Amino acid sequence: MSYGQVTLPVESIPVSQEVDVVVIGGGASGIAAAISAANNGAVTLLVEQRGYMGGMGTVSLVPAFCPFTDKEKPIIRGIGMELMERMKHACNADYRKEYEHTLDWVPIDPEVLKRVYDDAATESGVALLYHTFVYDVLLSEDKKSIEGIIVVNKTGRSFIRCRYVIDATGDADIAAMAGVPFQKGDEQGELQPGSMCYLLANVDRSKFHRFLEETGDTGQLHKTVERAITDGALPEGRKSISGLAWVNDYLVGVNFGHVFGIDGTKAEDLTRGAIEGRRLAERQLQFFRAYVPGFEKAHLVASGEQVGIRETRRIQGDYVLTGDDFMEARSFPDDIARNAYYIDIHLANSKGNMTFTHLPPGQSHGVPYRVLLPVGIDNLWVPGRAASSDRAVQGSLRVMPNCFAMGQASGTAAALALRTSAKSRDVSVPQLQQLLLEQHAWLGEDFTVPAADEA
Ligand SMILES: Cc1cc2nc3c(=O)[nH]c(=O)nc-3n(C[C@H](O)[C@H](O)[C@H](O)COP(=O)(O)OP(=O)(O)OC[C@H]3O[C@@H](n4cnc5c(N)ncnc54)[C@H](O)[C@@H]3O)c2cc1C
């Protein structure tokens, strides 16, 4: 239903800051972008609507980092790896002992991660502005660049003037405000479901493992979940748990089940997702207590502040990475990262099927610089979940290690652009690749930086 329109009065608002690079969003892509921009000399501000960074990993309690390896060697290195190692180091001795050498599916301790991100960003000289929502942009007269962003927070509304913008909102909010074309979901607009993740305390890990050994059930509890669905104790839908991430022997992060029909760019849908997600978490808690030894006294300590969102907008970039590129493990002359995570598309309704497509161990494909460059705007990068890809590859590219890598490339490129007042797409790719390598990113075993005139 529409209630019509109102016209707001034209108003002047204060300019609250002037910076070189503004990063919007403090998820995996945003923190890596901000740190790399600042480390490479740009005066950088990160604006985040919550009171902390971490994005899905803290806001929505996504319980673990997806693999940093291709099952043979680490392929996501650089800032992402450094942040994950720093989180491990900041956890307690038991955690460190257990996960010291783990690079795949490292559990997230959300409170530790928030603090680690605060420290890492501020040490690099990134200015942080939390509790602030970006609701519009001001375009240049020719509409080809963003002159600044318009924010709202407790202080009021203000304008932040900047030279370059990194849209790390995960939803391409800023790109959409700037008029960049995008796609959402499949041809019918169907989106992957959201999930309400949560943390359960007071659980007994050894008892749980004994139960798995005795019953032969999998760690994802396939048999037990199916039994509970047949009994009516759980709703129809996914017949296993996506993931249990043990922070310690008595605290576990849970990613289980789906909330369908949520468009994460609509506040009404997010509201329904929050309510339905919490209801589902409560039902799952009762399931755990009744069906899973070791969870009899489980206590729900926290659920996501927002339902976890897997998919919204994908921008139209200078290149659209495709499922074919993934399957053929293609490399590109302008690669800024590599990806080996499997294509993981979740069912869009309770009767649908999940799709998984793996590359063989040791293989990965390149992620070209052009997927970060939204068409039509010359001073904007979009790393992370909303980077330019088809729907199949988004099901793989969206995970946090890849977001770190794309973020690092965006921030480094913005700092490079600043040095010569260049447009985003005029940045020297060999120079960018060289800097990324010097700053510990990984671009492939046989990768060598091409001579400048080859790029
Ligand atoms: C249920 C679920 C399970 C998943 N499981 C895993 C997993 O096991 N491992 C893994 O690695 N990945 C997993 N993923 C994927 C991964 O968590 C996300 O795709 C990834 O976090 C995306 O990172 P991002 O930086 O692009 O965006 P986000 O993490 O979404 O961060 C975006 C940030 O921008 C802020 N923001 C947004 N709009 C604005 C605005 N207009 N103004 C100000 N701030 C704004 C948000 O508050 C947020 O902090 C999962 C995702 C979901 C939903």
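What follows is calculated from the coordinates using simple rules that are stated; it is not laboratory data. Being a predicted model, the structure only gives us computed values, none of them experimental. With ideal geometry, Cβ positions are generated from the backbone for all residues, glycine too; neighbour counts draw on all protein chains shown.
Here are some pairs, Lys73/Lys97; Lys144/Lys423; Lys97/Lys297; which of them have Cα atoms lying more than 18 Å apart in this structure?
Going by Cα-Cα distance, Lys73/Lys97; Lys97/Lys297 fall outside the 18 Å limit.
What longest region of the chain stays clear of GluC sites (Glu not before Pro) that DSSP places outside H, G, I, E and B and that have at most 16 other Cβ atoms within 10 Å?
329-444
Could you list the residues of the range 312-337 with an amide nitrogen less than 19 Å from a label point located 7 Å from the Cα of Thr448 in the Cα-to-C-beta direction?
331-336
Starting from the 7 Å offset along Cα-to-Cβ, what nm value, one decimal, do you get for the label separation of Trp105 and Thr355?
2.4 nm
What do you get for the angle between helix 78-90 and the principal long axis of the chain? Use alpha-carbon atoms, 0 to 90 degrees, nearest ten.
Roughly 50 degrees, rounded to the nearest 10.
By how many degrees, 0 to 90 and rounded to 10, does the Cα axis of helix 205-215 deviate from the longest principal axis of the chain?
That helix lies at roughly 60 degrees to the long axis.
Rounded to two decimal places and with Rh computed the Kirkwood way over Cα pairs, what is Rg over Rh for the chain?
Taking Rg over the Kirkwood Rh, I get 0.97.
When the expected Rg is taken as 2.2 N^0.38 Å, what fraction or multiple of it is the alpha-carbon Rg of the range 1-112?
That ratio works out to 1.45.
How much length is gained on full extension from Tyr130 to Arg330, taking 0.36 nm per residue of separation minus their Cα-Cα distance?
Here the segment from Tyr130 to Arg330 would lengthen by 68.1 nm.
Roughly what % of DSSP beta bridges within the chain run antiparallel, to the nearest 5?
70 percent
Could you state the number of Å between the C-alpha centres of the range 280-339 and the range 186-250?
14 Å
Place +1 on the Cβ of every Lys and Arg and -1 on the Cβ of every Asp and Glu in the range 140-271, take the dipole about the Cα centre, and give the residue among Phe256, Val165, Gly219 whose Cα lies farthest towards its positive end.
Positive-end residue among those listed: Val165.
For the chain, calculate the relative contact order in percent as a whole number, restricting contacts to Cα pairs under 8 Å that are 6 or more residues apart.
This gives 22 percent for the chain.
When a/c is below 1.5 the answer is rounded, else prolate if a/b is larger than b/c, else oblate, so apply that to the range 315-444 with a ≥ b ≥ c taken from the square roots of the Cα gyration tensor eigenvalues.
Because a/c hits 1.5 or more and a/b exceeds b/c, the range 315-444 counts as prolate.
Dipole magnitude of the range 198-303 about its Cα centre, charges +1 at Lys/Arg Cβ and -1 at Asp/Glu Cβ only, in debye to the nearest 20?
Result for the range 198-303 is approximately 100 debye, rounded to the nearest 20.
If we restrict to alpha carbons, what Rg and Dmax does the range 198-303 come to, in Å?
Every Cα atom of the range 198-303 included, Rg and Dmax give 14.1, 46 Å.
What's the exposure ranking of Ser124, Ser195, going from fewest to most Cβ atoms within 10 Å?
Result, fewest neighbours first: Ser124, Ser195.
Please list, by residue number, everything in the range 30-52 whose backbone N is under 15 Å from a paramagnetic label point 7 Å out along Cα→Cβ of Glu147.
none
Amide H of Asp335 versus every other amide H placed in the peptide plane: which residues, excluding those fewer than 5 positions away on the same chain, fall under 5 Å?
Tyr369
Using a simple spin-label model with points 7 Å from Cα along the Cα→Cβ vector, what separation in nm is obtained for Gln316 and Val301?
That separation, rounded to one decimal, is 4.7 nm.
Divide by every residue of the chain the summed helix terms, -39500 (n - 2.57) for each DSSP H run of at least 4, and state the resulting mean residue ellipticity at 222 nm, rounded to the nearest 500 deg cm²/dmol.
That comes out to -9500 deg cm²/dmol.
Compute the distance from the alpha-carbon center of the range 69-130 to that of the range 5-33, in whole Å.
27 Å
Filter the trypsin sites (Lys or Arg not before Pro) in the range 44-78 to those in DSSP coil with at most 15 other Cβ atoms within 10 Å of their Cβ, and list the result.
Those satisfying the criteria are Lys71.
With +1 on each Lys and Arg Cβ and -1 on each Asp and Glu Cβ, how big is the dipole of the chain about its Cα centre, in debye rounded to the nearest 20?
960 debye
Which trypsin sites (Lys or Arg not before Pro) from the range 272-354 combine a DSSP loop assignment with at most 13 other Cβ atoms within 10 Å?
Filter output for the range 272-354: Lys297, Lys351.
Around Gly219, under 12 Å between beta carbons, what's the net of Lys plus Arg minus Asp minus Glu among the other residues?
0
List the trypsin sites (Lys or Arg not before Pro) in the range 139-247 that DSSP assigns to loop (not H, G, I, E or B) and whose Cβ has at most 15 other Cβ atoms within 10 Å. Which are they?
Passing sites in the range 139-247 are Lys143, Lys144, Lys154, Lys239.
Summing Lys, Arg as +1 and Asp, Glu as -1, what charge do residues with Cβ under 13 Å from the Cβ of Glu445 carry, Glu445 excluded?
Spelling it out: positives minus negatives among the neighbours equals -1.
Treat each spin label as a single point 7 Å out from the Cα along the C-beta direction, and report the His89 to His222 distance in nm.
4.0 nm
For helix 222-231, report the angle its Cα long axis makes with the longest principal axis of the Cα atoms of the chain; keep it between 0 and 90° and round to the nearest 10°.
70 degrees
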